[in-house]
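Beneath this line is the structure, given in structure tokens, with notes to follow.
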Amino acid sequence: MEEVGSDAASPVSPLAKWRNDFSRAFQYYLDQSAPHIGKRWLGTLAAAAIYVLRVYYVRGFYVISYGLGIYILNLLIGFMSPKVDPELEVLDGASLPTKESDEFRPFVRRLPEFKFWYATTKAFCVAFLMTFFSIFDVPVFWPILFFYWVFLFFLTMKRQITHMIKHRYVPFNIGKQRYAGKRSAESTSGSFKD
């Protein structure tokens with residue numbers, strides 16, 4: 001008789017092996033794509049264009065598009081928000097600088113760019129697949145959904161921008177920051193004089 005708890009080599013099912021191999025290969029290519037920001041977003045733009053063309057030619061699935069828009073708006077808010085919200089959490093030294101004399105602290109996002117890109121791309125792919133099932137094609141008057149989404153977008157962005165102004169942070173950095181000015185130029189060049 002065989003023991004019930006023995007560690008005998010059990011054969012791995014082919015489906016489990018394939019899933020494991022696919023998962024490893026997918027993670028490898030996902031990791032390889034991390035430094036290529038522009039190319040990743042171009043791929044997402046292509047997926048969005050394919051989805052929009054599909055919805056346009058089918059002339060339906062507006063509820064799916066509305067849900068996709070709300071989901072991407074939620075991701076965008078996470079992308080533009082600081083990891084530690086100065087209004088909601090008790091800060092233990094990890095806050096955004098509030099005065100000019102405060103030490104510079106880099107902006108840390110609640111949702112990093114890579115995760116924002118990945119979730120957005122995945123959302124467009126899932127929404128595209130949902131357009132092949134007629135159960136998701138709920139008949140609605142799409143202009144109402146569109147204007148309601150635009151209204152939500154402007155209200156949400158207004159709240160986010162006022163939060164950014166109040167706590168003095170900018171969630172976007174374009175290139176290397178250069179500090180110019182008479183005071184900063186004199187202090188740095190004065191220490192290197194011969």
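Amide hydrogen proximity for residue 81: with H placed 1.01 Å from N in the peptide plane, the residues at 5 or more positions away or on another chain lying under 5 Å are 110, 111. Rounded to the nearest Hz, the phi-derived 3J(HN,Hα) couplings of the stretch 116-124 under the Karplus curve 6.51 cos²θ - 1.76 cosθ + 1.60 (θ = phi - 60°) are 4, 4, 5, 5, 5, 4, 4, 5, 5, where x marks glycine and proline.
List the pairs from 39/166; 17/39; 115/166; 83/122 whose alpha-carbon separation is above 29 Å, in the order I gave them. Mind showing how you got there, number by number?
Details: 39/166 34 Å; 17/39 31 Å; 115/166 27 Å; 83/122 23 Å.
Where the Cα-Cα span goes over 29 Å, the pairs concerned are 39/166; 17/39.
Binning the alpha carbon pair distances of the stretch 111-161 at 10 angstrom intervals from zero yields the distribution 20, 28, 42, 10, expressed in whole percent.
Read-outs: derived from the displayed coordinates by stated rules, not from any lab. Note that the coordinates shown come from a computational prediction; the quantities given were computed from them, not determined experimentally.
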